[in-house]
1. If you average over every viewing direction, what projected area does the convex hull of the Cα atoms of the range 76-171 give, in nm²?
2. Once you charge only the Cβ atoms, +1 for Lys and Arg and -1 for Asp and Glu, what is the size of the charge dipole of the range 39-167 about its Cα centre, to the nearest 20 debye?
3. Roughly what percent of Cα-Cα pairs across the range 132-171 reach past 12 Å?
4. Around G171, with a cut-off of 12 angstrom between Cβ atoms, what is the net charge of the other residues, counting Lys and Arg +1 and Asp and Glu -1?
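Where a number appears in this text, it was derived from the coordinates with a stated rule and is not lab data. As the structure is a computational prediction, the values presented were derived from the model and not from experiment. FYI the Cβ positions are ideal-geometry reconstructions off the backbone, even for glycines, and counts take in every protein chain you see.
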Amino acid sequence: MRVRPLPALASACAALVAVAPQAGAATTADRAPLATCRAFAVEVGAKADAQDRTVVRITVTNQARRTCVVDRLPTVSFGELDGPAQHVPAGESGPYRLGAGETAYATVRTVGAEGEVRRVGGVTVAGDPSHSGRTFSARELGAGRYVEVWEPVSSWWKGSARAADEAVGVG
């Protein structure tokens, strides 16, 4: 004996399938933007490379219990010099998601081209341009008495130190 669905039941099932969210589809709640990490909730770090003091590796760690975002372009400035490090590749600001306890990595090459090298006493790093950041002296970085700077470049925040190094041609 062959069973045939009732027409009304079949129509109701089809209607439910048509309006039900598809697997993996984003809902309105999924699209809500995450809050920018608060300055006190992130910890920034910086350390010069032991073999090449013109390479500084920086980090930002979300110390909060919730996911938040920083700008995908780290803010790196050098003493009293005008202008921050340029980003490789060039790009626009945008959110970089940091889960609770997660760390993002960026690599800065303080001397990006040959030229008239300047010397500064330290580097200021911020996870987001809305933060004032933390200043690291040349000695704290392990760079000696000063940091050499000329046309500095920085990677975007990356999920690993290796990816950050590769972005600026280190290693």
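1. Values: hull surface 27.0 nm².
For the range 76-171, averaging the hull's shadow over all directions gives 6.7 nm².
2. Numbers: 15 positive and 16 negative charges, 100 e Å.
In debye, rounded to 20, the range 39-167 gives about 480.
3. Working: 535 of 780 pairs.
The proportion of pairs with Cα distances above 12 Å equals 69 percent.
4. On the way: positive: R57, R109, R162; negative: D49, D52, D165, E166.
Charge balance near G171 sits at -1.
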